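Participant: So that we are looking at the same thing, I have put the structure below in structure tokens.
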Amino acid sequence: MKNWIIRYSFFFAGLLLFGFANAMAVKVKYLGLHPWEVLNVALFQKFGFTIGTWSVLVGLVVIVIAWFVNRKYINIGTFLNTLLIGPFMDFFLWLDFLPEATHGWQDYALLFMAILIGSVAGGLYVSGGVGAGPRDGFMLSLSERTRLTVSQARIVVECIVLVIGFSLGGPIGIITFLYTFIQSPLFQITLRFFQKLRIFLTEEPAPEKVQVKQ
């Protein structure tokens, strides 16, 4: 029971923080967003609803595609990730306490904080071991079905998503092309930290190191 509580606490806290980070980034979206958020914002601007709603809908579409490609990465965590991050983001935007864009240095500071919090959130929820998000699961599935590494699959898919988002009028800026280079290393650091913290709190034996092809 203790292990279950800690795992799901990490998982849900990470999803909540991820929604908060996305809400922060959306406030200064003219600087550029992550490719998937570019698509979500583009769909929101073109068809209405909310950005969070489109995050859920796009996530469900990705799950359906991943189901036919390789369903082994789809589990309860995948659906919780899909259904919660978008509404969490909408909730923080609805509270309307985040600063508006000033088109000054403050916007860059806000976006950097959003990327940092998003990296912490990613490490936190993944370390819970409940399951991969729909997009991450899809990258893993695609990598196994093709000769692409996980990194190559991510680049290919996110480039396609970015082109679709841009064609629909989504916000692309210089930060869009730096997201992976900034967020990925920070994510790796926070993931290792929270994995060690979870093992310490649950008193689990340390897992063996696995070499993953990147």
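Participant: Which of the numbered conditions does Met24 fail, given that it passes all the others? Conditions: (1) under 24 Å from Leu140 (Cα atoms); (2) open to solvent by less than 50 Å² (accessible area, probe 1.4 Å).
Facilitator: It is condition (1) that Met24 fails.
Participant: Another question, then. Can you tell me which of (1) open to solvent by less than 40 Å² (accessible area, probe 1.4 Å); (2) in contact with a Lys or Arg (Cβ under 9 Å, 6 or more places away or on another chain); (3) at pLDDT 90 or above is the one Glu100 doesn't meet?
Facilitator: Failed condition: (1).
Participant: Let me ask something else about it. Inspect segment 105-121 for any residue being hydrophobic (A, V, I, L, M, F, W, C) and touching a Pro at 6+ places or on another chain (Cβ under 8 Å) and give the result as yes or no.
Facilitator: yes
For (1) open to solvent by 60 Å² or more (accessible area, probe 1.4 Å); (2) among the aliphatic types (A, V, I, L, M); (3) modelled with pLDDT under 90, each residue gets a yes or a no:
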position: Gly122; (1), (2), (3): no, no, yes
position: Val126; (1), (2), (3): no, yes, yes
position: Val156; (1), (2), (3): yes, yes, yes
position: Gln183; (1), (2), (3): no, no, yes
position: Gln188; (1), (2), (3): yes, no, yes
position: Gln195; (1), (2), (3): yes, no, yes
position: Arg198; (1), (2), (3): no, no, yes
position: Ala206; (1), (2), (3): yes, yes, yes
position: Lys213; (1), (2), (3): yes, no, yes
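The values are calculated or read from the model by the stated rules, or taken from the named source; none is laboratory data. This is a predicted model, so every value here is computed, not measured. Neighbour counts run over all protein chains shown; Cβ positions are idealised from the backbone, glycine included. Ligands, DNA and RNA are excluded from the accessible area calculation, which covers all protein heavy atoms including side chains. Shrake-Rupley method; radii C 1.70, N 1.55, O 1.52, S 1.80 Å.
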